[in-house]
Structures are given as C-alpha cells and as structure tokens.
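As structure tokens, the structure follows; a few thoughts come after it.
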Amino acid sequence: MNPAAMIGLLFVAFAGTLVLGFVMKWVDRKVTAMVQWRVGPPWYQPFADVAKLLGKETIIPQNARRTGFLLAPMLGFAAVVVAATILWGVNLSPKASFVGDLIVVLYLLTIPSLAVVIGGAASSNPHGAVGASREMKLILSYELPLVLAMVPAMIAGGWTLKLGAIMTTPSPSVWTSVAMAAGFVVALLCVQAKLGLVPFDIAEAETEIMGGAFVEYSGAPLALIYLTRAMMLAVMPILLVTVLWGGFTFASVGGAIASILKYVLVIVVTVLVRNTNPRVRVDHAMKFFWFGLTPVALLAVVLALVGSAQ
Amino acid sequence: MNWKVWGLSKSPWVYHVNVGACNNCDIEILDCLTPRFDVERFGMLLVPSPRHADALLVTGGVTRQARPRLQEVYRQTAKPCIVLCVGACACSMGIFADCYHMAGPPDKVIREVDPNAIIAYVPGCPPKPEAIIAGAVKGLQAACKLLSQG
Amino acid sequence: MKRNQLVQQVKTELADRLADVVERNAKRVYLTVEPEHSLAVNRYLFEHGGRLATATGVDCRDWIEVCYHYCFDPLNVVITVKAKAYKPACELDSVATLFPGANFIEREIQDLLGARFLNHPDPRRLLLADDWPEGVYPLRKDYHHEAHVNTGRAVSPDHGRARVLSALRRG
C-alpha cells in the first residue's frame, strides 16, 4: 500500500468510526431510555456533548502530574484510531491484511484502558487513584478470556493470524459450532468490561467514586476521553463480528444487510445487558473472569482443537 | 450562535450541591431525572464531578461550614457554567434568614469568588420539577445569550 | 411488671436521690434530680428496661435542665429524668459512659447549650462549624445573634490551587 492510500484510509477510518461511534452512543442512550419508559436524547446528542466539552476550559489540578494527565487521553485516542484503521482496511479488502494483524489490533485496544489508568493515577486525587487501581484489576481479569476466545476462530480459519484469512476462510459459524458460540459469548462479556459498561463499569462508578479515573478531567481532554469511549463502542463490535462471526461483506445486498444486522445485534445485546444488571464488586468481577469465563474459553479452545484435528 | 454555545445549550451537564438543605429540593431534583419528567431528552446528565459540570444545582442556604466548600466547588467547575439556586432557601435563605449558623444565600457566597457568575433562581418550597426545568431552560438561554455577545 | 408497679418501685428505691416526682398523666412521669445523682438514676432506669429515646435541654435562668427520656415500651410509659446543671459551670456526669447510645445526643447538647458532660468518651463538636468560637452557645437565651452573623471563613485557604490551561475566551 502506498503512503497516500494509507493516510487516506486513516482519515476514512477515523471519520467513519467517529460517526459510527456517535450513532452507537445515541443508540445506547435511546435504547436505555426505551427500557426505562422514557424518551431519550435526540440523535445529535453526542455531537452536542463533544461541541460543548471543546468549549470549556481545561483545568489541571496543581498537584497533578501534568504530562501524564494530558498525555493519557491522547494515547488512548491515537490507539483507537490506529486499531480502527486496521479493522476498516481488513474489512474493505481482506487481501490487505498482514500476518499478525489480529495480535496488533488486540494490543492496540488495550492501550485505551491503560490510558485510563495513567490518567487516573496522574490526577492526584484519591478518587482517581481508586479508579486507576480498579481499572488495573479489570484489565488483568478480562484480557485473558478475550484473547482465548479469539483462538477458536484462529484455529477454524486454518491456524492463521491474518484477520483477512480468518474472515474469508469458510469455517464453522457461530450458530453451528459450540466452540465458536462459546467463544462469542465469552468475548461479548469481555467486551462489556472493556467498554466500561455495567455490570463491569467498576472503574468509573459514578455513584461510588465520583467518576473514578476521570474525576479531574475537564474541557478538551474530557472531550478526547468521550471520543475515545465512543469510538471503542464502535470498534469493539467490529472486532467481534470480524473475528468470530464472519466479518462484514458489502459485495451483495443480502450480505450488506446481514452485516449491518449482525453489528446492530451485538450493540443491542450489549446495551440490554447494561440496562438489566447491577454493578458488581471488583473482586466478584475478578472471580467471574478468572474462574468463570477463562475455563469456558479454554474449553472452547480444546473443542476447536478437537474439531480441527478430525 | 457559534457551535460551542450551541453545544452548551443542547447538552448541559448538571452537578448537584447540597449546602444546607432539608433534602426536599434534592428529592424534587431527583424527580426530574425520573421517567415522568425525563430531563435527559434535553441532554441533561447528572455528572459525578464538578469539573464535568455546566450547571451547578445548589440547594439550601449556605451554612457556615459549607461556605468555603461551596466556593471551592464553584471554582472547580470549568467555565462557562451557570448556577441554579433551587428552592426558597437557596434563593434567599427562606425561613433560615436570621439563623445562627448561616453564612448567606448561595448567590452571595458565590459572588464573593466570581462577581460575574451567571445565577438563575427557582423559588418554591420545594419547587415542582416543572419549575426546576423551566428555571434551567431560562438560565441556559440567558447564559447562551451572554456568551454569544461576548 | 406493670406500669404502676414500676413507678412505685422507682419512687421507693430512689427516694433519697430524687428531688421531685410528678406523674403528669398515665403515660408521662417526670423525675427531677440534682446533678450529683443524675448518673445513678439514669443507670437505674436503663437497667430496669428503659430505652433512652432522646435527651433534650432547656435553658432555665440559673441552670440548664438536661432531660433524659426513657421509654418503657411494653408498659406504655415514658419516664423523664430532669437533671439540673447549674450555671456557670453547667456540669453533669456523662451517661455515655453507661451505653454508647447517649454519645451523640450529649455532644449535641454540649455544642448548642453548653452543658458540660464529665468523662464523655468523645467530647468533640458535633453540629457547629469547626471555626465556631468557643464558649458561644447559640441555643441559650442570652445568645446575641448580631455578633456572629455571617462570620467565618470565606474562600478556602488554598487560594489559587488549580492551573487553568486555556482561559475562557468570550465571543
């Protein structure tokens, strides 16, 4: 790929993910409102939120570590944009994927959570420190099942680490294979924790720790954090569908509709889980991920190995 | 109005500060968030930190202990912001006007740190949620007009 | 034990400690004590099944009357112990040494009325601000309001603690 095409893809992916992220954030709030028998905000609400945040002043607490405080949102934002670029590129032309791009995407998508930790720790606020430590515990809990859940898809795609190959190789689908279905469910719950949504929004528990890691942010850094979270809400289901559900195809009308439906289904399931569950304690969450989801993911890997050996 | 002021008018995030209220006004503010009145359709969210807030909902007359703390919370709020004094006690100290432990109504206390604070008043004991919403709308409109003019 | 039995028992066993006993009606009995007997009478009522509902204070001209209200729920009677704390010292033995339930209410009476409770396990301020002047008791009849209105700290002492990165530009 020549550099011009690469930069063009970057901008397309950034703009596309931004708009998609805002739409998905609106879907989240609207579905939440409908579940609660309310009328939700209008469709332009996320745009208004970001516009307002950009117009506010940025205040840095005097004892905060200024570099870490300001750098953390930028790190998270940059990581999400690059991961989105890779995913968009792979979905637009599966032949363009390179060996190991699945691992690159997974690595990049851990950076926004690390940015939350850095930002919270740099805030010089006890609420920020508590939020940072909780986010660290969560990262240690959900990353392993998430990666393990992707392994059955790797195996079914023919022992490959290329996202394009995983998408295009005919493999047992989610509806017919136990391993893929188990992997999908595990990955869905890990995505719920990664996005910081109830029942796993422990790091940013509003009612408990006043915003946790984000308590001291205001103005443009807060707008970056908002953008990052909106884009993560758009990107994580793209990753899920790409790896575990056959990817997006816009070649035929039927394929396009199926792709959109898959994506919307993942988002709606996420939002409904968010609206029907209470927040769990951080030690319960760790036990759930380590002793509940990791064995299920390991079982899925074993089943996939057995299935591929036949 | 430019896009930043449009954003402020369409997405006011509120932070609730109780500096000495009897909690009646706090209950009515909570009612505003419930499905019957649903202020989220105006973009109003209850935020956990004053740094994220555009509107401070102040209830109660300021007690002596709360006075420096209210001033600190106001200074922590990122400007531009409006202050909404909800309830009779917040507007003018109400029946506690001559009490021994009061330091004044919130608008006087906030004007000590910022003489140009934008303050809206919602009288009532407690004001109905409709009144609180009307007061918030009027306060935001006044704030946007002030900010557009510069 | 019935209500009349209890009242009779109180009258006979505490006869030397009570200054006065008044039965206002079937449900209310008032015992007046001098400050040196207050702890003993409180202990007697507590040990015979009384539940301290609350304690109140009244500023009488020469003393502060601290009333401990004991509810005897099965017997449907409330017995009040009115202990006089004579001015200017206004000292009483603290009932919080008997049971922890009296801790906060005695702190409140001490804060607002100035009755000093001896041997109280935690004699800090409860309601008034940290910088309220010592020796000024708002609920006393001779409290002068105008001297204390709107005093106290204004802006917090850590003035100028936050750095503003981008100042607000209007217009």
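Side notes on the structure shown:
- Evaluated with a Cβ-only charge set (Lys, Arg +1; Asp, Glu -1), the protein assembly as shown carries a dipole of roughly 1540 debye about its Cα centre, given to the nearest 20.
- Size of electric dipole in segment A:3-309: Cβ of Lys, Arg +1 and of Asp, Glu -1, about Cα centre, debye, nearest 20: 220 debye
- Among B:Val58, B:Val14, B:Val113, the largest mean-square fluctuation in a Gaussian network model of chain B, built with springs joining Cα atoms closer than 10 Å, belongs to B:Val113.
- Computed from point charges on the beta carbon alone (+1 for Lys and Arg, -1 for Asp and Glu), the dipole magnitude for segment B:15-131 about its Cα centre is near 300 Debye.
- Centroid-to-centroid separation of segment A:238-310 and segment C:10-26 [C-alpha atoms, Å]: 77 Å
- Kirkwood hydrodynamic radius of chain A, from inverse mean 1/r over distinct Cα pairs, in Å: 20.0 Å
- Ranking of C:Tyr143, A:Tyr107, A:Tyr263 by neighbouring Cβ atoms within 10 Å, starting from the fewest: A:Tyr107, C:Tyr143, A:Tyr263.
- Highest-MSF residue in chain A out of A:Thr160, A:Thr228, A:Thr67 [GNM, Cα springs under 10 Å]: A:Thr67
- Of the residues A:Gly68, A:Gly120, A:Gly21, the one that moves most in a GNM of chain A with alpha-carbon contacts below 10 Å is A:Gly68.
- The mean number of Cβ atoms from other chains found within 10 Å of a Cβ in peptide B:68-81 is 5, as a whole number.
- Euclidean distance of C-alpha centroids, segment B:54-72 and segment C:47-62, integer Å: 35 Å
- For segment B:1-144, share of DSSP beta bridges that run antiparallel, in % to the nearest 5: 5 percent
- Hypothetical label at C:Ala53: residues of segment C:76-97 whose amide nitrogen lies under 13 Å (7 Å Cα-Cβ projection): C:76-81
- Ratio Rg/Rh [Cα only; Rh per Kirkwood] for segment C:1-143: 0.98
- Beta bridges per DSSP, both residues in the protein assembly as shown: antiparallel share near 50 percent.
- Dipole-positive endmost among A:Ala79, A:Gly21, A:Ala129 within segment A:3-309 (Cβ charges, Cα centre): A:Gly21
- Ordering A:Val12, B:Thr59, C:Gly114 by Cα displacement along the dipole of the protein assembly as shown toward the positive end leaves A:Val12 in first place; charges were set at the Cβ atoms of Lys, Arg (+1) and Asp, Glu (-1).
- Extreme residue, positive dipole direction of the protein assembly as shown, given options B:Pro123, A:Gly219, B:Gly104 (C-beta unit charges): A:Gly219
Just so you know, all these numbers are worked out from the coordinates, no wet-lab data involved. Fair warning: this is a prediction, and the values are worked out from it, not measured in the lab. Neighbour counts are summed over all protein chains in view; Cβ atoms, including those assigned to glycine, are modelled from backbone coordinates with ideal geometry.
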